[in-house]
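Data first, discussion second: the structure below is written as structure tokens.
The values are calculated or read from the model by the stated rules, or taken from the named source; none is laboratory data. These numbers were taken from a predicted model, which means no experiment stands behind them. In this analysis, Cβ positions are derived from the backbone assuming ideal geometry, glycine residues included, and neighbour counts consider all displayed protein chains.
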Amino acid sequence: MSFEHFPDGLGIGVPAPRLTWTLPKGGGSQEAYEVELTRAGRADRTGRVAGRDQVLVAWPGAPLASRERVTVRVRVWTTDFDAPSDWSGPSVVEAGLLDAADWHAVPVGAAWDEDPEAERRPARVRKDFCLAGPVTRARLYITAHGLYEAEINGRRVGDETLAPGWTVYPHRLRYRTHDVTGHLTEGANTIGAWLGDGWYRGKYGFDGGTRNIYGTDQSLIAQLEVTYEDGTTASFATDGTWSAAPGPILTSGLYEGETFDARLHDPGWATPTGSGAGERTPVRTNSRDLGTLVAPTGPPVRCTEEIAPVEVTRTGDDRHLLDFGQNLVGRLRVTLDGPAGTAVTLRHAEVLEEGELATRPLREAYATDTLILSGRGPLTWEPRFTLHGFRYAEVSGWTADLTADMVTARVYHTDMRRTGWFECSDPLVNRLHENVLWSMRGNFVDIPTDCPQRDERLGWTGDIQIFAPTASFLYDCAGMLDSWLTDVGLEQLPDGTIPWYVPVIPGEPMWTPIHPGAAWGDVATVTPWTLHQRFGDLGLLRRHYPMAKKWVDLVESLAGPTRLWDTGVQLGDWLDPAAPPDDPAAGRTDRYLVATAYFAHSARHLALAAAALGNDADAERYSALADEVAEAFRHRYVLPSGRMTSDSPTAYGVALAFGLLTPPQRHPAGDRLAQLVVEDDARIATGFVGTPLICDALTDTGHLDIAYRLLLQTECPSWLYTVTMGATTIWERWDSLRPDGSLNPGGMTSFNHYALGAVADWLHRVVGGITATAPGYRKIVFRPRPGGGITSARTRHETPYGTVSISWEQTATGMTADIVVPEGCEATAELPGCAPVALGPGEHVLDTAKLAIQAV
Ligand code: BGC
């Protein structure tokens, strides 16, 4: 049993959380269910409810009150079992603070003078308090202006980093609920928090960054609520009685990195006996509309893996170069013991240039951490309020030998549940898939970002629009992206314009004022639909529908009666390899062709969403609009010869994959696309827009072999070129590293950008063979299309209904496939050369030679 897309049920922010459960193995499909809610010791049952719903089922009782804790169980009646199932194990959901009136915490931070235009030393805030007796339940509700890490009696609370994450703070600031019962003791206790500037008031963004984007204060907002054994309660919230002191972090920035002076650190600072009383000063109380505090809908950012260096090389008297063998996002943890005052500096980079860290691609992100040793014995340290994108690091200021056990790279990202796996007989393709996975990990850091290393790391709307189908296969990202889409809606301009990146921060002239742009703005229509398809969440689709509609209405008005969107700032097929390094929008495809294609695509998606939501009038209106735009597109961009005005793969890619051509036009367009690819020797010729579409456009028009040639090409530019050049993540540019080993001179040269990895969705559906044909994978088609000499593939996905998988292998006579259909789902297998076969839940072994199915 799970609640919404919320991973653990503690501190949920909706009063009527929807329930999802999976069916017992071998049960077939659900016929009915019964849910039991136990609140305050009293169990209530729904009785037998007939129906198949088991994903995001409406809360079957009175809404939760703030702090209320309910135990939930379910049992089901299924087609293949006579009796109802056993009751599921108990799952507990506990509401957070659902009402502004539940809060009485006040933001508190340093009261000393600070220059808001300069680097400010972060504060720690602290409060001693006394508990009158043993406590049976304690909750800490906590957030900050800036970033925080809390401790109670010297023990860290939770394990998340960069909390509270990044939202459109004036409207929404996330708080988290922690069970801290085990942190407390009767009598004297201390709570404290480290504070950092983070996104709230730190310096980040373009051209050297902007400070104080959301405010100038750095404050903690926390409310500790305890229940004593006798049932009485007490609350200790941030208020004017807290104290603040400068901490041992001297400087801290998301891009810059952190400087920590261990000489100034008392590890027991947040205990009742902690030293430093003399330095403590009263806090300043700051202000906040507590009605803007919201509970999270997805998991936090956490360390999910630790990686040891594969190579440590001494490069100077006091310098070592470390190679972690993997481009990753995180930070170093070092264990060092040296004389007081020794300053050890850690710098980071994704690639090397002539044996040194190549930091030019980082632009103005210095990615430098400094640890000043205390001389009080071995110290294990890692920075708190920063992350870096790197494979290599340089440690300087350390003259003794540095060994691999002294340094660990800790990998951080939003700790989503992994749900997707793919592997095939081609090791290069497997590495490509790994690279996609790593780029997703590195760029799902509370919001979906473009890149994790340079002075950007923003929620670029176009990047996630094209990557969301891949992302939603690999990880359960529904809760995280739902939160971010809420912010997209909040940042939407009154005329319907969707910003280039969300949250919006001051931009370069190119991005200011904000213009509506195709492929980026279409995140409003396409991405909620993608998430609904993959996670079966109609509520999500409904919530974001007004944003989607406003976007399409805006584009409709911009296009006017011609139905052609052929004006304004457009990025076209961004980063087409033919575009010059300094003008990535100047690719070979007319940018207005792309804009009109996306207009039709978005209108079509809006119509689909309207139909799914039962809004027939809108469904009809926007489907007619989509038809009209497609017709205008054909008149304007398809020549009488069947060629397109931009005779480029992306032009044919959008026309085919978005269904903009008439049936007689499709075949010649597919042929021309294939011909273009072949003429270019199957090197890739598409950017952000064409890349996710081109393999599907080829596959769907009978050119599967050409799609495989594209996939398997290793010459530059191509997906596998990057792999043969040693890539361990997806690059921003096809030639971020050029064939001669030099770095691309363009101002944007990231080695960790997931966008061009959007081909993984084709790997999952076409090479692997798993496609959802009804929301949430309730209906599945298994249609593997082998080619390119790939002789086997294994693909698995954790759907909301359970595991779906297919493992196929080519044989002398055809193909064998082991298939698993989740309980509650229907499937069809369409194996090469065979008529479709209907499959029910469970395991199946299919052999195309025998055309027979044997149940396992
Ligand atoms: C980002 C992109 C983004 C683009 C928009 C870049 O700087 O890194 O991935 O979509 O700008 O033009």
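Some observations on this one:
- Yes/no for Arg441 being charged (D, E, K, R), away from the ligand (no atom under 16 Å from the Cβ), assigned to a helix (DSSP H, G or I) and surrounded by fewer than 24 Cβ atoms within 10 Å (Cβ to Cβ): no
- A single member of Asp495, Asp487 is surrounded by fewer than 23 Cβ atoms within 10 Å (Cβ to Cβ), closer than 27 Å to Gly776 by Cα and acidic (Asp, Glu), and it is Asp487.
- If the condition is being part of a helix (DSSP H, G or I), more than 11 Å from the ligand (Cβ to nearest atom) and either surrounded by fewer than 24 Cβ atoms within 10 Å (Cβ to Cβ) or not aromatic (Phe, Trp, Tyr) (or both), then region 450-475 contributes Ala468, Pro469, Thr470, Ala471, Ser472, Leu474.
- Residue list for region 286-345, restricted to those being of a type in the set (S, T, N, Q) and touching a helix residue (DSSP H, G or I) at 6+ places or on another chain (Cβ under 8 Å): Thr297, Thr304, Gln326, Asn327, Thr335
- Verdict on Trp500 being within 13 Å of the ligand (Cβ to nearest atom) and in contact with a strand residue (DSSP E or B) (Cβ under 6 Å, 6 or more places away or on another chain): no
- Output for region 553-584, where each listed residue is away from the ligand (no atom under 14 Å from the Cβ) and over 23 Å from Leu625 (Cβ atoms): Pro577, Ala578, Pro580
- Extreme residue, nearest to the ligand (Cβ to nearest atom), among residues of region 514-548 that are β-branched (Val, Ile, Thr) and either in contact with an Asp or Glu (Cβ under 7 Å, 6 or more places away or on another chain) or within 10 Å of Leu606 (Cα to Cα) (or both): Val526
- Pairs linking a residue in region 197-218 that is within 22 Å of Trp500 (Cβ to Cβ) to a residue that is among the small types (Gly, Ala, Ser) and outside any loop (DSSP other than H, G, I, E, B), with Cβ atoms under 7 Å and 6 or more positions apart or on different chains, are Gly202/Gly253; Lys203/Gly253.
- For first residues located in region 488-502 and more than 12 Å from Lys550 (Cβ to Cβ) and in a strand (DSSP E or B), partners that are of a type outside the set (D, E, K, R) and within 16 Å of the ligand (Cβ to nearest atom) and lie 6+ apart or on another chain with Cβ distances below 6 Å form the pairs Tyr501/Leu458; Tyr501/Gly459; Tyr501/Trp460.
- Only a single criterion out of (1) more than 30 Å from Gly802 (Cα to Cα); (2) within 16 Å of the ligand (Cβ to nearest atom) is not satisfied by Asp495, namely (2).
- Boolean, Ile447 is crowded, with 24+ Cβ neighbours inside 10 Å, within 13 Å of the ligand (Cβ to nearest atom) and within 30 Å of Gly802 (Cα to Cα): no
- Residue in region 328-342 that is within 26 Å of the chain's Cα centre (by Cα), surrounded by fewer than 18 Cβ atoms within 10 Å (Cβ to Cβ) and not basic (Lys, Arg) present: no
Here is a yes/no grid of residues against (1) without any contact (Cβ under 8 Å) to a residue 40 or more places away in the chain; (2) more than 21 Å from the chain's Cα centre (by Cα); (3) buried (at least 19 other Cβ atoms within 10 Å of the Cβ); (4) under 28 Å from Arg211 (Cβ atoms):
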{"residue": "Ile142", "(1), (2), (3), (4)": "no, yes, yes, yes"}
{"residue": "Trp166", "(1), (2), (3), (4)": "no, no, yes, yes"}
{"residue": "Thr177", "(1), (2), (3), (4)": "no, yes, yes, no"}
{"residue": "Val180", "(1), (2), (3), (4)": "no, yes, yes, no"}
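- Whenever a residue of region 754-765 is over 12 Å from Ala468 (Cα atoms), its partners that are β-branched (Val, Ile, Thr) and surrounded by fewer than 24 Cβ atoms within 10 Å (Cβ to Cβ), lying with C-beta atoms within less than 7 angstrom and at least six residues away or across chains, give the pairs Arg765/Thr771.
- Considering residues of region 34-61 that are under 33 Å from the mean Cα position of the chain (by Cα) and farther than 18 Å from Gly776 by Cα only, the residue surrounded by the fewest Cβ atoms within 10 Å (Cβ to Cβ): Gly61
- Inspection of region 652-660 finds no residue satisfying the criterion of being out of contact with any Phe, Trp or Tyr (no Cβ under 6 Å at 6 or more places or on another chain), surrounded by fewer than 19 Cβ atoms within 10 Å (Cβ to Cβ) and in contact (Cβ under 8 Å) with a residue 60 or more places away in the chain.
- In region 390-406, the condition of being within 16 Å of the ligand (Cβ to nearest atom) and out of contact with any helix residue (DSSP H, G or I) (no Cβ under 9 Å at 6 or more places or on another chain) is met by no residue.
- Condition met for Ala595 (at pLDDT 95 or above, away from the ligand (no atom under 16 Å from the Cβ) and either within 18 Å of Trp551 (Cα to Cα) or among the charged types (D, E, K, R) (or both)): no
- A single entry from Gly659, Gly687 fulfils the requirement of being within 32 Å of the chain's Cα centre (by Cα), part of a loop (DSSP other than H, G, I, E, B) and farther than 18 Å from Phe633 by Cβ: Gly687.
- Single unsatisfied condition, Arg621 versus (1) at pLDDT 95 or above; (2) of a type in the set (D, E, K, R); (3) within 16 Å of the ligand (Cβ to nearest atom): (3)
- Qualifying residue in region 586-606 (condition: under 26 Å from the mean Cα position of the chain (by Cα), surrounded by 15 or more Cβ atoms within 10 Å (Cβ to Cβ), outside any helix (DSSP H, G or I) and charged (D, E, K, R)): no
- Residues that are β-branched (Val, Ile, Thr) and either surrounded by fewer than 23 Cβ atoms within 10 Å (Cβ to Cβ) or more than 16 Å from the ligand (Cβ to nearest atom) (or both) within region 737-783 comprise Val759, Val766, Val767, Ile770, Thr771, Thr773, Ile780, Val781, listed in sequence order.
- Set side by side, the residues Gly507, Gly539, Gly521 differ, and just one is surrounded by fewer than 19 Cβ atoms within 10 Å (Cβ to Cβ), at negative phi and within 20 Å of the chain's Cα centre (by Cα), which is Gly539.
- Those residues of region 609-638 which are surrounded by fewer than 19 Cβ atoms within 10 Å (Cβ to Cβ), assigned to a helix (DSSP H, G or I) and either under 30 Å from the mean Cα position of the chain (by Cα) or free of Cβ contacts under 8 Å to residues at least 60 places away in the same chain (or both), in sequence order: Ala611, Ala612, Asp616, Ala617, Ala619, Glu620, Arg621, Ser623, Ala624, Asp627, Arg634, His635
- Residue count, region 202-216 (criterion: in contact with an Asp or Glu (Cβ under 6 Å, 6 or more places away or on another chain) and surrounded by fewer than 17 Cβ atoms within 10 Å (Cβ to Cβ)): 1
- Looking at region 33-105, the strands (runs of 3 or more DSSP E) lying wholly inside it that each contain 2 or more residues that are in contact (Cβ under 8 Å) with a residue 12 or more places away in the chain and within 30 Å of Leu290 (Cα to Cα) sit at 69-78, 91-95.
- Filter result (in contact with a Gly (Cβ under 8 Å, 6 or more places away or on another chain) and aromatic (Phe, Trp, Tyr)) within region 47-100: Phe81
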